[in-house]
1. Pull out the extension gain between Phe168 and Met57, defined as 0.36 nm times the separation in residues minus the alpha carbon to alpha carbon distance; nm, one decimal.
2. Would you kindly calculate the mean projected area, averaged across all directions, of the convex hull enclosing the Cα atoms of region 135-185, in square nanometres?
3. Working out 0.36 nm times the residue gap between Thr72 and Ser182, then minus their Cα-Cα distance, what length gain in nm do you get to one decimal?
4. Between Ile50 and Met116, with labels modelled 7 Å along Cα→Cβ, what's the label distance in nm to one decimal, could you check?
Amino acid sequence: MVDMGSYLQRSSTVPVGACQTARRLRLEGKNRRCWISATAGNAITEFALILPLFLLMMCAITDMSRLFYVETTLQNAVRQGGRYASTGNHQPDPLHPGQNLSRVNSIILVAQQAAMGLNVSNIQISSLAGGAGSAGGPGDTVTLSLTSNVKLLTPIIAHFFTNGTYTFSVSVSFKNEPFPPSSTS
C-alpha cells in the first residue's frame, strides 16, 4: 500500500511554477515561428527608425569632408602660386614654344596645376608697389587671393547654407626674392 503522506510530501517539494514552465515549453515548440517573426518585426522597426538618421549622418560627413578637401586644396594652390611668385620666374608658354608666359599668367598656371582639378581662374594677384594685376618687383610684397563657391551635394545639408553653396576665401602674401628687375614683366 502506498503511503499518501510521503507522496504528498514529495509532491509539495515541486516548485509552484513547474507546471506552468512545462506547459510553456510545450507551447514554445508550437509558437516558435510566431516568436521569431515578432523579433524580426522589432528589428525591421528599429532599422526603419535608425536608417534616416544614419543616412543624414553619412550625407553630412560626405559634404563636410568635401568642403574640407576643397578648402585645403585651394589653400595649397594659392600657397604654391605665392611661392612661385616670390621667385620672379616665368613658365614656358604651352601654346607658343620658345616663349614664356607673363609673370602673372605663370603664377596662375602654377596655382591651377596645384589645384588638382579645381577652378582657380578668378585668382587675384596684387603687389604693394604695382597694385592689382601686378606681381611686383624684387623685395616687393605680392598677395594672392581666391574666392570660390562650392555647391553642396546633399539637399538636406545644403538647406543650412545660403543658396546651398559655401564660399571660400583664401589668401597668402609673400615677400619677393631679390631677382633681376628685368624679370618683373
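Rule-based calculations on the coordinates, nothing more; no lab input. Just so it is clear, the model here is predicted, and its values are computed rather than measured. Here Cβ is always computed from backbone atoms with ideal geometry, including for glycine, and neighbour counts include all displayed protein chains.
1. On the way: separation 111, 0.36 × 111 = 39.96 nm, distance 2.31 nm.
Contour length minus Cα-Cα distance gives 37.6 nm.
2. Numbers: hull surface 19.3 nm².
Spelled out: convex hull of the Cα atoms, projected over all directions, averaged, 4.8 nm².
3. Details: separation 110, 0.36 × 110 = 39.60 nm, distance 3.42 nm.
Residue separation times 0.36 nm, minus the Cα-Cα distance, leaves 36.2 nm.
4. Taking the two extended label points, one gets 3.4 nm.
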